[in-house]
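Reviewing the structure listed below.
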Amino acid sequence: MMDRTFIKSGVPGLDGMLGGGFLQNSITTLGGPTGVGKSTFGMQFLYNGAYESNEVGLYICIEESKQDFLFHMSGYDWDITQAEKERKIVFLDYPVYEVDQIVEQSSAVAEIISSIGAKRVVLDSIMPIALFYKSDDERKKGFLKLIDNIRKWNATTLIVSEDTAADEDALPHSSYGIEKFTDGWIDVGYRCDEDTGERNRYVEVLKMKGVAHARRPFPASVGNRGFTIGGGGAVVAASEAKGKAKPAAVKTAKSGSKSLFLTSRLEAAKAKLLKK
């Protein structure tokens, strides 16, 4: 039997849903609509991983700049600046017009991950990479190559992806279908309370290969330390997967000069990180 190592997610209430945590070196799609807190979820995964599990994290910013990202995260009780100084969290600020290099020239990213000892990675987000391809067939081939490259990183990775709107009873799906290629898929969404009219967050594990995970959505809240699922206690997943009685949700408690130029920029970023 092959060894199976689980790592803690850093999100209270999530590990039980996952059957113990994320499988080490797995790749998971983190989906949800705009504004639901996907980037917050990703940073929580890295920050708590750094300070609770002593695992270095790499945040690859594509959709927005590092400066904008840090501004939006400044409202939480996370000292991200100190974490960066301590080299517990490292940022790779990736311009949108260079996203093809993540697929075509991934060795530089792999070298950064290896040099800093990163065990956790967040790629935020898949949209600029998906838009690089002109057709669905090209995109699928590109995603296959991307996932193959990420496997070589030997790090537990979250890929942030936008979801399309779905009816409450329908299975959600991302805008570009990256979840078809990853090991896992977590959906963070909203559901409207009929009594109050408020939109409340929920988290659902839709896919996690080789794991007896929870099979229904659980309520979630976002506070000054990020996400908490249910009351943050233990969520029983295995009994649901085995068909036993359903437990309570929570026990409370391209080529040419341009290509060369883009590659040189990535190499420069790598060199800058390695000098620190």
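The values are calculated or read from the model by the stated rules, or taken from the named source; none is laboratory data. Everything quoted here is computed from the prediction, not taken from an experiment. Heads up, the Cβs are rebuilt from the backbone with ideal geometry, glycines too, and the neighbour counts pull from every protein chain shown.
Within the range 40-56, is there a residue that is under 27 Å from Pro217 (Cβ atoms), touching a Leu at 6+ places or on another chain (Cβ under 9 Å), among the polar types (S, T, N, Q) and crowded, with 21+ Cβ neighbours inside 10 Å? No, the range 40-56 has no match at all. Put simply, of Asp195, Asp187, Asp137 the only residue that is more than 16 Å from the chain's Cα centre (by Cα) and either outside any loop (DSSP other than H, G, I, E, B) or surrounded by 14 or more Cβ atoms within 10 Å (Cβ to Cβ) (or both) is Asp137.
Return the residues of the range 92-127 that are part of a strand (DSSP E or B) and within 19 Å of Lys152 (Cα to Cα); say none if nothing qualifies. Break it down into steps so the answer makes sense when it comes.
Keep residues of the range 92-127 that are part of a strand (DSSP E or B), which gives 92-93, 118-124.
Answer for the range 92-127, where residues must be part of a strand (DSSP E or B) and within 19 Å of Lys152 (Cα to Cα): Leu92, Ala118, Lys119, Arg120, Val121, Val122, Leu123, Asp124.
Within the range 76-123, the set of residues being over 20 Å from Ser9 (Cα atoms) and in contact with a Gly (Cβ under 6 Å, 6 or more places away or on another chain) comprises just one member, Val103. For Val203, the criteria (1) at pLDDT below 95; (2) surrounded by 13 or more Cβ atoms within 10 Å (Cβ to Cβ); (3) under 24 Å from Ser26 (Cβ atoms); (4) not small (Gly, Ala, Ser) hold in every case but one, which is (1).
In summary, Glu64 fulfils each of the numbered conditions (1) of a type outside the set (S, T, N, Q); (2) surrounded by fewer than 21 Cβ atoms within 10 Å (Cβ to Cβ); (3) within 19 Å of Thr228 (Cα to Cα) with the single exception of condition (3). The condition of being part of a helix (DSSP H, G or I), of a type in the set (A, V, I, L, M, F, W, C) and at pLDDT 95 or above holds for Leu46.
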